[in-house]
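Below: one structure, written as C-alpha cells.
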Amino acid sequence: MITANPKAQTLSSSSAWSPTLVVVPLMEKKMDFLENFVRSQQDSLRSLFLRSGSRNSSMDNSPLSESPKHISFLSLFANSVVARCSQTLQVSTQQLQRRFEIEFPDAVKPPSSCARNFLEFCSYLTLHKLTEAQNYLTDKDFRRLSFDMMIAWEDPAGDCELRKETTSCATQEQEDEDGRLLFYSNSTNMAIQVDGEKNVGRDAFARIASACPVIADIITIHNLFDALTSSSNQRLHFLIYDKYLSNIGKVIKAAKSSNAPSSSSSLQLAEGEIILEIDGTIPTQPVLQHIGMAAWPGRLTLTNFAIYFESGVGLYDKAVRYDLAMDLKQVLKADLTGPLGARIFDKAVMYKSTSVIEPVYLEFPEFNGHQRRDYWLDLCFEILRAHRFIRKYNLKETQQSEVLARAILGIFRCHVVREAFRLFSSDYKTLLAFNLVECLPGGDLILETMSSRLALVNCVSPKSGESGTLNANQRLVARPLSLLALTRLGFALNKGANIGCEGVGSVKEYFIGEPNPLEVAVKKSLSHTGKVEAAKATVDKVRVEGIDTNVAVMKVGCLCFELFFCFCWTVSVTEY
C-alpha cells in the first residue's frame, strides 16, 4: 500500500489551478519592478527640473520668473510683444512702464497714442539690445520679433478693431501691364500669395525698421519698402522680410571675408578703408579699362575712399587708384566706349579728375553690361557725394565716420535688393541716401538737417542717471548710430573712438511719439518734388503745343508761298 505524500496530494488535487498559482506572483513581481523603476525615473526628472528651476530663479531673482502682467491699454498681440521685450531686457513689464512714464513728458502719452508710443519705447530698447550681437541678422528669433513689432504697431491698443487682411496678394489676382497673371511669375510671388500670415504697411515698417540702421535708413526707407513690396500690393510679408534680412547677413559676411587679412586682395588699404564691391573676377562678366586707344581687362574694386583697378586675368598687376575722397574736381558719368577709342557701346563709366592725365573709361562689355554700369555708377556717386558732404560742412572725425557708415550700409542694402530680388535702379527709386538727396529738389534741406543732427554726435554713449532719466545736457548728445551698427558687425571705421557699444542705453535718438527731423525733411522735399514734376509737365505740354502751333504756322506759310509762286508763274507765262 502506497501512502500518498500530503504535498503531492495537495498539488495533484489542485493541478487544474496550478498555472494561476505560479504565474500571478511572477507578474506581480514584474509590475512592482516596473512601477519602482518609473517612480525612480520620475523622481530623478523632478529633481532635475527643480534644480533647473531653482537655478533660473536664482539667476533672475526678479518678477521675470512670474508670468508678465497684462497691460490694460495694449492689445493681446502687443502684450505678447512687450512680454518678449521684457524677457530680452531682463526687466519686468511694470518696470518698463514706470520708466516710460518717468522719462517721457505727458505730450508723448495721450490716450490716443499712448499704447503705440509705449510699444515703440519697448521695441527700440529691445532692438538696441539685440543688435549688440554680431550675428543677430541670422537669428530667426530676432527676425520674427522685429516683424511682430511692426504688426503690433499697426494694432497697439486693446480697443482697436482687428486689422483686415484683404490687402495682400492672396486675396486678389494681380496682373502686369500685359495682362498676364503674376501668380506664377516666380517662386517668391507664388509663396507670397499663399502666405496666410499677417503683413505690415509702410508706416509700421518705417517706424520700427528705422531703429536698426543696418536694416533701413530713415532717408530712403520708403523707397526700400516700395522695392520690397513691388509684387505684394504695398504690404510687406514676413517671407520677404525674412529673405531680405537673411541676404543682408550674407552680404555683410561676404564683405567681411573680402576685408579679412587672408583675402585674395593685394590692395594696400588705409586705416578705416573698407572694400565694398568687387567686379571683373568672373570670366563671363569682365571689366575693361580704356585709356586713349588702349584697353585691358582686370579686377575692379570699390572702397569707401576710392576706385581700384588691377589689370590682368587671374593674376593681377599693381592696382591703379582713382580717388573719390579728396577734392580733385572729379567727374563721373555714363559714357560711350568701344575698341580703339571708338564711341559705340553705352556700357562704360567715365572717371576724370585733376589726378589723371586723360579720362579713364571702365567698360562692362557683356550684353547686359549697361545694368552693371548703372549699378557701379550709383555706388561710386554715393561715396563721392558722401565725401563732398563731409567737406561742405567741415565734419570732425567721428562725424565723418558716421557719414561714411551711412553710405556703406546703404550700399549693402542696395546690393541685397539687386541680387536677392533682381531689382535694378531702373525698377525703383534709389536706395542710396546721398544719391537720393542729390535728386530731390529740396535736397539741401535734408543735408542741413543731417548736418544739425551730426553736430550733436558725441563719440561717448550718453549714460542715464540712477533714476534712468536723462538730464537736459545729456539730451543734447546723440550717438553715431550707423557707425555703432557697423562697428558691432565687425567693421572698424574709426578704431580710436569710444562709441559706447555696451549697455541698453537710451532711445532718445529714435524720436518716440514724434517724427524724425530727417523724415520730416524728406517728406517736405518729396512734396516739392510733386510740385516740380507738375510744373515740368505743364511746361513740357506748353512746349509741345507751341511746337505744334509753330509747325502749323510754317505749313500755312509754305502753302501761301507755293500759291504765290504758282500765281507769279501763271502771270509770267500769260504775258509771254
Legend entry - Search result, residues across segment 220-248 that are of a type in the set (Gly, Ala, Ser) and in a helix (DSSP H, G or I): Ala227, Ser246
Legend entry - Flag for Leu377 being within 20 Å of Leu431 (Cβ to Cβ), modelled with pLDDT of 95 or more and buried (at least 22 other Cβ atoms within 10 Å of the Cβ): no
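If you go through segment 387-408 one residue at a time, do you hit one that is part of a strand (DSSP E or B), under 23 Å from Ile275 (Cβ atoms) and more than 22 Å from the chain's Cα centre (by Cα)?
No; the residues of segment 387-408 include none that is part of a strand (DSSP E or B), under 23 Å from Ile275 (Cβ atoms) and more than 22 Å from the chain's Cα centre (by Cα).
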Legend entry - Those residues of segment 134-154 which are β-branched (Val, Ile, Thr) and touching a Ser or Thr at 6+ places or on another chain (Cβ under 9 Å), in sequence order: Thr138
Inset, instruction - Taking Asp327 as the residue in question, decide whether it is surrounded by fewer than 16 Cβ atoms within 10 Å (Cβ to Cβ), closer than 27 Å to Leu404 by Cβ and either modelled with pLDDT of 95 or more or in contact with a His (Cβ under 9 Å, 6 or more places away or on another chain) (or both). - result: yes
Legend entry - Cross-chain or 6+ apart pairs with Cβ under 8 Å, segment 394-420 first and more than 22 Å from Thr449 (Cβ to Cβ), then among the polar types (S, T, N, Q) and assigned to a helix (DSSP H, G or I): Val416/Asn247; Glu419/Asn247; Ala420/Asn247
Legend entry - Residue within segment 351-373 that is over 33 Å from the mean Cα position of the chain (by Cα), of a type in the set (A, V, I, L, M) and in a strand (DSSP E or B) present: yes
Legend entry - Check on Thr220, over 27 Å from Gln400 (Cα atoms), polar (S, T, N, Q) and either at pLDDT 95 or above or assigned by TED's automatic domain parsing to the domain that holds Pro359 (or both): no
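Conditions tested, residue by residue: (1) without any contact (Cβ under 8 Å) to a residue 24 or more places away in the chain; (2) at negative phi; (3) not β-branched (Val, Ile, Thr).
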position	(1), (2), (3)
Glu277	no, yes, yes
Thr281	yes, yes, no
Ala294	yes, yes, yes
Pro297	yes, yes, yes
Leu302	no, yes, yes
Ile307	no, yes, no
Inset, instruction - Those residues that are part of a loop (DSSP other than H, G, I, E, B) and under 20 Å from Leu481 (Cα atoms), I need them from segment 409-445; list them, please. - result: Leu431, Leu432
Legend entry - Lone unmet requirement of (1) farther than 17 Å from Met450 by Cβ; (2) within 20 Å of the chain's Cα centre (by Cα); (3) at pLDDT below 90 for Gly490: (3)
Inset, instruction - Filter segment 100-137 down to the residues that are among the basic types (Lys, Arg) and surrounded by fewer than 19 Cβ atoms within 10 Å (Cβ to Cβ), then identify the one that is modelled with the highest pLDDT. - result: Lys129
Legend entry - Search result, residues across segment 330-366 that are surrounded by fewer than 14 Cβ atoms within 10 Å (Cβ to Cβ), under 27 Å from Leu395 (Cβ atoms) and of a type outside the set (A, V, I, L, M): Lys333, Thr354, Ser355
Inset, instruction - Starting from segment 107-123, take each residue that is in a helix (DSSP H, G or I) and list its partners that are modelled with pLDDT under 90 and among the small types (Gly, Ala, Ser), counting only C-beta distances under 7 angstrom and pairs at least six apart or across chains. - result: Val108/Gly513; Ala115/Ala157; Asn117/Gly513
Legend entry - Complete set of residues in segment 236-248 that are surrounded by fewer than 18 Cβ atoms within 10 Å (Cβ to Cβ) and touching a Ser or Thr at 6+ places or on another chain (Cβ under 9 Å): Leu239, Ser246
Inset, instruction - List the number of the failed condition for Cys380; all other conditions in (1) in a helix (DSSP H, G or I); (2) more than 22 Å from the chain's Cα centre (by Cα); (3) of a type in the set (A, V, I, L, M, F, W, C) hold. - result: (2)
Inset, instruction - Could you check Ile411 against (1) over 19 Å from Leu224 (Cα atoms); (2) buried (at least 19 other Cβ atoms within 10 Å of the Cβ); (3) touching a strand residue (DSSP E or B) at 6+ places or on another chain (Cβ under 6 Å) and say which number it fails? - result: (1)
Inset, instruction - Output the qualifying pairs, or none if there are none: Cβ atoms under 9 angstrom, residues six or more apart or on different chains, first residue in segment 513-539 and under 13 Å from Val437 (Cα atoms) and among the acidic types (Asp, Glu), second residue modelled with pLDDT of 90 or more and not in a helix (DSSP H, G or I). - result: Glu519/Ser210; Glu519/Ile218; Glu519/Ile219
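The values are calculated or read from the model by the stated rules, or taken from the named source; none is laboratory data. These numbers come from a predicted model, not from an experiment. Reconstructed Cβ throughout: ideal geometry from the backbone, glycine too, with neighbour counts over all protein chains shown.
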